[in-house]
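Q: My questions all concern the structure below.
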Amino acid sequence: MKARLIIFLNWFVLLGSTLLVCAVLGIILVDIFSKGMSSVTWEFISQPPAKGMTQGGILPAIIGTLWLTLITTLFAVPFGVACAIYLNEYAFPSILTNVIRASIRNLAGVPSIIYGLFGLALFVQAFRLGTSVLSAGLTLGLLSLPYIITTTEEALKRIPNSMREATLALGATQFETIKDVVLPSALPGILTGVILTLSRAAGETAPILFTGVAFYINGLTSSVNQEFMALPYHIYMLSTQHQSIEQVRPLAYGTSVVLIAMVFLLNLTAFYIRFKNRTQQ
Amino acid sequence: MDHVKLSAHNLNLFFGSKQILKNINIDFGENQITSLIGPSGCGKSTLLRCFNRMHDLSADARIEGTIQLNELDVYDKKNPVTQIRKRIGMVFQKPNPLPKSIYENLSYGLNIHQFPKDEIPGLIESALKESYLWDEVKDELKKPAVKLSGGQQQRLCIARTVVLRPEVILMDEPCSALDPISTRKIEELILSLRKDYTIVIVTHNMQQAQRISDKVAFMYLGELIEYDSTENIFKNPRQELTKNYVGGHFG
């Protein structure tokens, strides 16, 4: 009797925690969508802001966030994947590689505002890139690197050694083995990690604050050395910095809906890749 | 013995400070099947992996002594390991087909060693025939190799090795993951390969060693205890240890 009670309590606590987390998520989503959906129209996502941002849309912020994510991807993915390949495939276990690995894990815990300050000092000032979408994208790339390295390394670890031995024993070089067998097999895992990381990076505000995001720009960002508007910062600005906050509140909620939808689409891609990979095996 | 194809002289292997192989001296005759037997952990798989330098990627493995393929020094830095492994093929304990099609599993090795493109289909066909797999897969060469049964996968792995025309084939317990019928097929295949290749096989199965091998080497705790014809090892072993092991008293 007592044993059954304990089993029931375990089950109840675990299920309860799960439901609680889901409920919080649900409340947030319902709140944002109910208050924001009315302002999400075709004009909203295809027009620039108008009349001191009390009207019009958020096209420059959408474009800015896309630019930002693109630059982050181009910078962080190749370096991150290369670093993970080195750590998992080439580096012999030693104190040095353990120190490198621990440093990377620790980098993942650095607050994002610190990355913002670092990006300001390094990219904006030292490299003289100015406050631009390039500086901001590189800063976000730095922030993303530890996550990409860690998830890629985990994906590579899951490839059994027998797979590597198969091609090595045929006389393939280590590089050919990685390029032809290890990477293709690990690709779904790597892509999932990359996409989850990027969707997190796309919603970051602090790292882009000092490195290039603008309150308002005239026209769209068309090259990497320009300043840009971004969705998360636009939300922050509309909800705290605007002169008539009450009036633009629906626009802030609408912008949130768009940002969540974009991130959700990215996550859906990761989900699709995993699903496709599972059904192929 | 006939011509010596592959040999180890004064071979010692250490993992860190632990010595795994102790002063191994052994010659494998051309076109012979040699079985390496011994209890688990005696170093037979470790020894097998010395011949195609599979320990190269282990950071803490250290090898002393020499291994020769004909007159070639296998561990001479001048000889690229990829060429060594092309000449000394290996089949593993668990079938490990590449996550590609049946055809690509065989064409992979041919491509990386730059065989002429127009010869590849013919080479693949004859390797599959040699491995008794052709009739079963000839209509579905584009099928993923992982969809084959375990026994078929292992024959594919042998075909993948054979297609490169190696001189020696190393086999590390190739039947231990297979059912008796698949095992029988692989054994027939191994016997039929003897005319073209020198085969060294690690096995835990005494009956298998008796059925297929010309010579048998018994190892214990990293040492080569006895190396003789299959008949002598099983009927008239000279060493007490060998007698106890093949008699089933330990292992």
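Q: Could you sort out which of A:Lys179/B:Lys78; A:Lys276/B:Lys142; B:Lys22/B:Lys44; B:Lys185/B:Lys243; B:Lys94/B:Lys185; B:Lys100/B:Lys138 sit more than 23 Å apart by Cα distance in this structure?
A: Working: A:Lys179/B:Lys78 25 Å; A:Lys276/B:Lys142 19 Å; B:Lys22/B:Lys44 12 Å; B:Lys185/B:Lys243 29 Å; B:Lys94/B:Lys185 16 Å; B:Lys100/B:Lys138 16 Å.
Pairs exceeding 23 Å: A:Lys179/B:Lys78; B:Lys185/B:Lys243.
Q: Give the residue from B:Ala145, B:Thr46, B:Gly248 lying farthest towards the positive end of the charge dipole for chain B; charges sit on Cβ (+1 for Lys and Arg, -1 for Asp and Glu) and the dipole is referred to the Cα centre.
A: Of B:Ala145, B:Thr46, B:Gly248, it is B:Ala145.
Q: Order the peptides A:171-181, A:142-152 from the highest to the lowest mean number of other Cβ atoms within 10 Å of their residues. Show your work: numbers first, answer last.
A: Numbers: A:171-181: 18.3, A:142-152: 23.7.
Ranked by mean Cβ neighbours within 10 Å, highest first: A:142-152, A:171-181.
Q: Treating only the Cβ atoms of Lys and Arg (+1) and Asp and Glu (-1) as charged, compute the dipole magnitude of the protein assembly as shown about its Cα centre; round to the nearest 20 debye.
A: Values: 48 positive and 42 negative charges, 204 e Å.
Dipole of the protein assembly as shown, to the nearest 20 debye: 980 debye.
Q: Okay, next question. Ratio of segment A:1-81's C-alpha Rg to 2.2 N^0.38 Å, to two decimals? It would help to have the intermediate numbers written out before the result.
A: Details: Rg = 22.6 Å, N = 81, 2.2 N^0.38 = 11.7 Å.
With N residues counted in segment A:1-81, Rg over 2.2 N^0.38 Å equals 1.94.
Q: Over the Cα atoms of segment B:106-175, compute the convex hull volume and normalise it per residue, giving Å³. Can you show the working numbers first?
A: Working: hull volume 6.8 nm³, N = 70.
Dividing the Cα hull volume of segment B:106-175 by its residue count gives 98 Å³.
Q: Compute the acute angle (0 to 90°) between the alpha-carbon long axis of helix B:102-112 and the principal axis of greatest extent of the alpha-carbon atoms of chain B; round to the nearest 10°.
A: 70 degrees
Q: Express the relative contact order of segment A:61-230 as a whole percentage, based on alpha carbon pairs under 8 Å and six or more residues apart in sequence.
A: Working: 233 pairs, mean separation 63.9, N = 170.
Relative contact order for segment A:61-230 comes out at 38 percent.
Q: In addition: If I take R0 = 41 Å and measure r between the Cβ atoms of A:Ser223 and A:Arg105 in this structure, what FRET efficiency does the formula 1/(1 + (r/R0)^6) give, to the nearest 0.05? Walk me through the intermediate numbers first.
A: Working: r = 36 Å, r/R0 = 0.87.
The computed FRET efficiency comes out at 0.70.
Q: Please express the shape of the protein assembly as shown as an equivalent ellipsoid: the semi-axes are the square roots of 5 times the eigenvalues of the C-alpha gyration tensor, given largest first in whole angstrom.
A: On the way: eigenvalues 751, 126, 110 Å².
Three semi-axes, in Å: 61, 25, 23.
Q: Using alpha carbons only, how many angstrom separate the centre of segment B:41-111 from the centre of segment A:1-70?
A: Spelled out, the Cα-based centre of one part sits 54 Å from the other.
Q: Moving on to the next point. Let me check the size of segment A:131-181 from its C-alpha atoms; what are the radius of gyration and Dmax in Å?
A: 16.7, 52
Q: Could you please tell me the mean projected area of the C-alpha convex hull for segment B:1-71, averaged over all directions and given in square nanometres to one decimal? Numbers along the way, then the final one.
A: Details: hull surface 20.1 nm².
Its average projected convex-hull area is 5.0 nm².
Q: Which listed residue (A:Ala50, A:Asn161, A:Pro250) has the Cα farthest towards the positive end of the charge dipole for chain A, taking +1 on Lys and Arg C-beta and -1 on Asp and Glu C-beta about the Cα centre?
A: About the Cα centre, the residue reaching furthest to the positive side is A:Asn161.
Q: Next up: Under 19 Å from the Cα of A:Lys2, which aspartates and glutamates turn up, not counting those fewer than eight places away in the same chain?
A: Correct list for A:Lys2: empty, as no aspartates and glutamates qualify.
Q: Which one, B:Ile120, B:Ile201, B:Ile102, has the greatest fluctuation when you compute a Gaussian network model over chain B with C-alpha springs under 10 angstrom?
A: Residue with maximal mean-square fluctuation among B:Ile120, B:Ile201, B:Ile102: B:Ile120.
Q: Additional query: Mean-square fluctuation check for chain A, GNM, Cα pairs under 10 Å: which of A:Ala76, A:Ala261, A:Ala155 is largest?
A: With Cα springs under 10 Å in chain A, the top fluctuation among A:Ala76, A:Ala261, A:Ala155 is at A:Ala261.
Q: Quick one: helix B:180-193 against the long Cα principal axis of chain B, what's the angle to the nearest 10°, folded into 0 to 90?
A: 90 degrees
Q: Also, quick follow-up: Find, to one decimal place in angstroms, the Kirkwood hydrodynamic radius of segment A:61-230, where the mean of 1/r is taken over every pair of different Cα atoms and then inverted.
A: Numbers: mean 1/r = 0.0586 Å⁻¹.
One over the average 1/r among Cα pairs gives 17.1 Å for segment A:61-230.
Q: Have a look at A:Leu129, A:Leu265, A:Leu209 and tell me which one the Gaussian network model of chain A (Cα, springs below 10 Å) gives the largest fluctuation.
A: Of A:Leu129, A:Leu265, A:Leu209, the Gaussian network model singles out A:Leu265 as fluctuating most.
Q: Send over the Kirkwood Rh of chain B, from the inverse of the averaged 1/r over different Cα pairs, rounded to one decimal Å. Please report the intermediate quantities before stating the final value.
A: Values: mean 1/r = 0.0535 Å⁻¹.
Every distinct Cα pair counted, the radius reaches 18.7 Å.
Q: Could you work out [θ]222 nm for chain B from helices alone, using -39500 (n - 2.57) per DSSP H run of at least four and dividing by all its residues? Round to the nearest 500 deg cm²/dmol.
A: On the way: 10 runs with 88 residues, N = 251.
My calculation for chain B gives -10000 deg cm²/dmol from helical runs alone.
Q: Related question: Between B:Asp135 and B:Lys235, take the C-beta separation as r, use R0 = 35 Å, and let me know the FRET efficiency to the nearest 0.05. Please report the intermediate quantities before stating the final value.
A: Details: r = 38 Å, r/R0 = 1.09.
After rounding, the FRET efficiency stands at 0.35.
Where a number appears in this text, it was derived from the coordinates with a stated rule and is not lab data. Model, not experiment: these values are computed from the prediction. Counting neighbours? That spans all protein chains shown, and the Cβs are built from the backbone with ideal geometry, glycine included.
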